[in-house]
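The values are calculated or read from the model by the stated rules, or taken from the named source; none is laboratory data. Quantities reported herein were computed from a predicted structural model and do not represent experimental measurements. Don't worry about glycine lacking a Cβ; one is built from the backbone with ideal geometry, like all the others, and counts go over all protein chains shown.
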Amino acid sequence: MADNFVGRDMPGPLDQDAAGAVEQLEEILSAQPPILALPPVMSLRLGYPTRFFFDKHIAKSLELRRIHPATTLLDEIKGLAGHYLDEFRTNVQHTGTSMPQRESLGTIARNGLFKSRETGPRGVARYPAECTDLPRRISSRLFLFRESPEWCQFLLWGRIGREDEADPRLAVDEKHSLGFPVDQEWKLCVRNLPHLAPGLLPDLQELHSRSDLIGTWVVMTPSAKAESLITALDRATIPSNCNAGTKGFPVLPPSTRLDPPDSPEPVWPTILVLNEPPPSSGQKLPSAGAERSSEDVLPPTTRRPRSTAYDYGELTPESLVQLGWARAVETDSSVIVFTCGTLERIAIRHRKTQTLYLSDVIDITEIRHPPYLRLQVGLFVAVLKDALSRLHESEVVSPELRRSTRKRRAPEDDALGNQLKRRKTATGSSRTFERPQSAIKIAGSLDFMLLYMRYGMHDSPVPASFIRSAPCLVSSGDAEEITRPSVKRKYLREECVVVILGPQIGTGATGIAHKTSLEVFDAQGRTVTADIVVKIAFLAEQQQKMRHEFQVYRRLAAHKVKGVPEVYGIFDDLEGGAIMLLMSYCGTTLWDFRVDPMSYDLDTKASQRTRFLAILDAIHAAGVRHHDLRPLNLLLDDNGEAHIIDFDVAKLDPTEGGKRRERRALEDLLFDGVYPDPSFPSLPSTIASETDG
């Protein structure tokens with residue numbers, strides 16, 4: 001929603017005395033916002049987004065353990081707004097501050113209705129974006145630009161992250177935040193720099209570099225169901241176990257990740273009332289390195305045999321709270337706002353006690369004490385104060401936990417190289433990097449997989465269980481079609497493929513791609529590993545595309561085409577919701593190799609361009625047309641070898657004319673920098689995806 005971020009010029013200053021200016025400010029902040037009116041739309045699902053699969057793998061120390069009412073929270077936020085408004089009132093006569101005219105609210109308040117041109121959460125999001133424009137200007141002036149004679153728009157609000165698009169099927173979208181303006185290179189842009197409070201610029205730059213998303217807003221389409229969810233949040237009960245159902249699993253060694261701290265000077269006195277340790281999750285996990293009498297891994301007993309597609313389910317007060325909490329952990333936010341355009345609730349996340357403090361319900365158009373817009377001023381100031389006060393406390397925190405997904409590429413977890421150092425095996429053999437037998441060859445003969453996540457906020461308390469549904473195309477010879485094997489009651493450790501997901505490296509039509517570490521036991525009981533890429537598909541159409549892509553890779557493997565990813569099979573989540581395609585890591589995209597990030601010119605050697613064309617010729621000879629040749633799908637590995645990836649829209653047995661046109665298009669791209677014609681998929685907004693579709 002980029003149009004939400006465009007600051008509009010304010011009317012000119014009024015020629016009035018200080019008392020009149022303050023009176024006008026109070027009048028503006030006392031105005032009631034209009035009533036939201038959305039155009040009619042087909043029914044949307046008020047369900048949990050696909051991130052639910054990942055939220056089951058949040059580290060235990062970051063999970064939500066308790067919900068606590070905060071009946072004084074709104075008064076505290078009101079008091080914070082009052083403090084800065086009083087300070088402004090005292091100083092305004094000395095600063096010559098210009099005031100926005102009252103009519104600046106007229107366009108949305110004149111008829112008492114806010115008519116959004118869009119539907120769903122996107123249409124709802126336009127409402128707070130417009131209605132809080134003035135409070136954000138006022139908050140910026142009161143807290144950041146205290147000597148400014150203008151009411152500049154520095155705080156942005158909306159769906160700032162670019163990692164993916166909102167799910168059009170859902171009536172909920174949790175990815176709204178506050179943010180700062182940036183230039184074309186995503187660096188902090190402060191246009192009113194001379195009036196910025198002393199010493200704040202380095203802090204704002206550091207805050208922006210760590211996470212350009214501040215606070216979390218969970219937006220729902222207005223309905224009786226959405227209002228009932230918000231109303232019932234304080235009655236939500238936290239499940240004792242939200243993790244996968246696998247039992248008897250091997251435990252990874254402790255992570256080196258350090259959790260972010262709370263503010264040393266809390267903005268909200270409410271959180272000082274309750275400062276006891278969080279309650280137990282109710283689940284006892286074996287400690288790392290602990291020996292057990294049995295090495296058996298037990299798959300979950302609750303399964304979904306009919307379909308592997310993700311089921312949104314229906315949002316409940318419990319799952320809505322979990323959704324907001326998980327997003328706040330992801331962005332390292334302290335403030336969570338649940339809104340449906342008619343009702344709101346503000347929540348404060350306390351990290352140490354893993355507690356969510358929940359305000360009373362806010363009726364947006366009816367609240368009078370304090371008025372809604374005045375409350376928003378205090379809220380925005382509180383979000384800024386909390387983020388800045390925690391800035392220096394969190395200097396030692398793992399960067400992945402506080403970095404937003406808006407950055408081009410998330411760095412690998414510092415612990416990734418050490419996370420597989422396991423306890424000694426039952427035979428007494430310790431881990432070794434000698435590989436007398438390929439990890440891929442061993443994994444290709446195994447049907448059961450344990451999935452762990454270890455990056456950012458994820459550190460799987462319990463791994464998810466997967467079963468093979470498509471063969472390894474490297475170790476299985478002709479890789480004939482297989483029937484998904486029956487799930488055994490238990491598996492020995494040496495019968496398990498262990499994969500540990502690292503940071504996300506791309507998104508595409510077939511799902512999300514992660515750099516991953518794979519490990520298995522060889523015949524001597526030694527642990528051998530391989531670095532691979534895993535693509536995860538959730539929705540039915542994504543999974544259909546992924547299975548089609550596998551069939552294309554099968555054709556390429558049968559013709560022994562080189563310069564395309566090796567494929568190690570597809571695995572299905574036993575509890576439903578995901579399938580995973582395991583494949584080789586092919587390097588860095590030509591898009592990322594550009595010398596000038598603002599240029600479309602590709603930096604390749606003549607030998608590399610020739611190699612890309614040779615790979616395409618081999619693909620065509622195998623009876624495949626790629627249909628999506630663009631820089632994001634052309635990769636160079638660490639040795640400079642070329643690879644072509646992403647065959648989810650490829651066609652089998654194309655015409656000779658189609659193959660010739662595709663080759664000419666690749667020649668134009670590599671040699672002349674001419675991008676594909678409109679018949680090809682356009683360049684996406686996401687950057688740095690080696691499996692981007």
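Any residue in region 485-502 that is touching a His at 6+ places or on another chain (Cβ under 8 Å) and at negative phi? Before you say what the answer is, go through the steps one by one.
Our first condition is that a residue be touching a His at 6+ places or on another chain (Cβ under 8 Å); within region 485-502, this holds for 501-502.
Going one step further and asking which of them are at negative phi, we end up with 501-502.
Yes: region 485-502 contains one or more residues that are touching a His at 6+ places or on another chain (Cβ under 8 Å) and at negative phi.
Sort out which residues of region 205-229 are under 16 Å from ASP332 (Cβ atoms) and assigned to a helix (DSSP H, G or I), and write them in order of number.
Quick first cut of region 205-229, residues under 16 Å from ASP332 (Cβ atoms) only: 206-217.
Those that are under 16 Å from ASP332 (Cβ atoms) and assigned to a helix (DSSP H, G or I): GLU206, LEU207, HIS208, SER209, ARG210.
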Filtered residues of region 29-54 (kept if of a type in the set (Gly, Ala, Ser), in contact with a Pro (Cβ under 8 Å, 6 or more places away or on another chain) and in a loop (DSSP other than H, G, I, E, B)): ALA31
Just name the residue that is surrounded by the fewest Cβ atoms within 10 Å (Cβ to Cβ) out of those in region 281-322 that are at pLDDT 60 or above and more than 21 Å from TYR48 (Cβ to Cβ). THR301
Apart from one, (1) surrounded by fewer than 24 Cβ atoms within 10 Å (Cβ to Cβ); (2) in contact with a strand residue (DSSP E or B) (Cβ under 6 Å, 6 or more places away or on another chain) all hold for LEU356; the odd one out is (1)
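Yes/no per residue for (1) surrounded by fewer than 20 Cβ atoms within 10 Å (Cβ to Cβ); (2) modelled with pLDDT of 90 or more:
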| position | (1), (2) |
| --- | --- |
| GLN153 | no, no |
| ASP212 | no, no |
| VAL219 | no, yes |
| ALA226 | no, yes |
| LEU233 | no, yes |
| ALA236 | yes, yes |
Inspect region 29-46 for any residue being in contact with a Cys (Cβ under 7 Å, 6 or more places away or on another chain), in contact (Cβ under 8 Å) with a residue 12 or more places away in the chain and surrounded by 21 or more Cβ atoms within 10 Å (Cβ to Cβ) and give the result as yes or no. yes
